[in-house]
Amino acid sequence: MTHSRRSSPLRTEIPAPALTAGIVTAAFGRHFEVRVANGVVLCHTRGKRNDYACGDEVGIIPTGSGQGVIETLHPRQNLLWRSDAFRQKRLAANLNLIVIVTATEPTFSELLISRCLAAAESEHIPAIIVLNKIDLTADLPQALEKLNIFATLGYPVIEISARSGAAELKPWLENAKAVLVGQSGMGKSTLINALIPEAAATVGKISASLNSGTHTTTLTRLYPHGNGWLIDSPGLQAFGLAHIDPSALDAAFIEFRPWLGQCRFRNCRHSDEPGCALRAEAQAGTLSGIRLEHYRIIRDEIVAARQAAGWA
Ligand SMILES: Nc1nc2c(ncn2[C@@H]2O[C@H](COP(=O)(O)OP(=O)(O)O)[C@@H](O)[C@H]2O)c(=O)[nH]1
Ligand SMILES: [Mg+2]
Ligand SMILES: [Zn+2]
């Protein structure tokens with residue numbers, strides 16, 4: 001078609017407008033806050049598109065007075081999701097680290113840690129576990145005991161007190177593009193403020209006013225940090241993994257991998273099937289029975305969610 005365009009004397013070539021590169025730092029329904037080189041732009045999207053997440057690299061066209069339009073999305077390295085039968089939620093994109101935050105108090109759920117680890121492993125994102133509030137020494141031994149299952153698997157467990165600066169965590173975060181996940185009350189926001197004292201000030205004015213009607217704590221937000229960034233997320237009480245194929249879930253439990261394919265039945269659910277290699281290992285003490293139980297709970301939940309959603 002180039003030929004006919006050239007031959008028309010009335011057609012002038014309109015050059016495609018140059019896109020400004022940015023990173024999505026917060027989502028408000030169909031509006032997204034995007035950080036660009038010289039500030040923060042509140043963007044709307046083309047069509048009804050709303051599937052952007054914190055950490056997404058986008059190309060925008062500024063339209064003036066701090067506003068703009070998202071035009072392009074750079075291909076994602078990965079995307080951390082949560083989903084049940086009825087809702088899917090994008091937590092963050094382009095991560096190179098997932099920081100699972102626990103604390104000496106309130107009590108944390110080991111099952112939720114297994115969920116976060118399965119989500120991380122299924123997207124091939126490294127994960128570490130933070131034990132916060134170690135200044136509350138009375139509950140420390142019990143918390144460490146609970147985390148020992150995960151430490152044994154090779155996941156780093158880093159003990160910190162966010163109130164005293166969290167120095168032990170800093171080396172892990174220098175080049176991190178990380179999200180902090182965990183139950184509410186564990187100290188994620190306190191940790192962000194300890195690591196990035198200017199965090200509150202980096203929140204754009206427009207977004208701050210947009211968000212004023214809602215709970216600030218319900219917002220997932222990206223903060224620049226070191227050579228990368230950190231994302232604070234609201235408390236996860238439930239972390240549905242319905243988007244993970246049930247047949248791929250066992251491989252997301254890293255210690256199961258050496259035994260996969262050794263069960264009597266190829267489609268073994270590692271539940272009550274005869275000749276289950278994983279159950280035999282759990283009985284022998286080679287695998288943690290707690291982790292096998294976590295696997296079964298999550299698998300049943302995924303299958304039920306998929307049935308309810310009509311995918312199965
Ligand atoms: N003792 C103690 N309390 C902390 C520490 N870090 C956070 N907290 C407190 O724990 C509560 C929950 O913290 P917050 O950052 O809101 O947790 P989030 O819901 O995970 O974001 C707040 O009252 C914090 O002051 C810590 O290192 N030690
Ligand atoms: Mg918080
Ligand atoms: Zn099995």
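The conditions are (1) open to solvent by 10 Å² or more (accessible area, probe 1.4 Å); (2) touching a residue at least 40 places away in the same chain (Cβ under 8 Å); (3) farther than 24 Å from Asp250 by Cα, and Ala103 fails exactly one of them. Which is it?
(1)
For segment 285-305, does any single residue satisfy the condition of being of a type in the set (Gly, Ala, Ser), open to solvent by less than 60 Å² (accessible area, probe 1.4 Å), farther than 29 Å from Phe108 by Cβ and outside any helix (DSSP H, G or I)?
The answer is no; no qualifying residue exists.
I need the full set of residues from segment 270-297 which are aliphatic (A, V, I, L, M) and within 20 Å of Ser114 (Cβ to Cβ), in order please.
Correct list: Ala277, Leu278, Ala282, Leu287, Ile290, Leu292, Ile297.
Pairs only if they're at least six apart or on different chains, beta carbon under 7 angstrom, first in segment 233-256 and open to solvent by 20 Å² or more (accessible area, probe 1.4 Å) and modelled with pLDDT of 95 or more, second within 16 Å of ligand 1 (Cβ to nearest atom) and not in a loop (DSSP other than H, G, I, E, B); list them, first residue then second.
Once the first residue is open to solvent by 20 Å² or more (accessible area, probe 1.4 Å) and modelled with pLDDT of 95 or more and sits in segment 233-256, no partner that is within 16 Å of ligand 1 (Cβ to nearest atom) and not in a loop (DSSP other than H, G, I, E, B) comes close enough.
So which residues in segment 81-100 are surrounded by fewer than 16 Cβ atoms within 10 Å (Cβ to Cβ) and modelled with pLDDT of 95 or more, if there are any at all?
Asn96
Specify which of the listed residues (Lys177, Lys170) is closer than 26 Å to Cys54 by Cβ and either acidic (Asp, Glu) or without any contact (Cβ under 8 Å) to a residue 60 or more places away in the chain (or both).
Lys170
Which of the residues that make up segment 24-78 are free of Cβ contacts under 8 Å to residues at least 12 places away in the same chain and touching a strand residue (DSSP E or B) at 6+ places or on another chain (Cβ under 7 Å)?
Thr63
The values are calculated or read from the model by the stated rules, or taken from the named source; none is laboratory data. Note that the coordinates shown come from a computational prediction; the quantities given were computed from them, not determined experimentally. Ideal geometry is used to build each Cβ from the backbone, glycine not excepted, and the neighbour counts take in all protein chains shown. The protein model used for the area step is the full one, side chains on, heavy atoms only, and it has no ligands, DNA or RNA in it. Shrake-Rupley method; radii C 1.70, N 1.55, O 1.52, S 1.80 Å.
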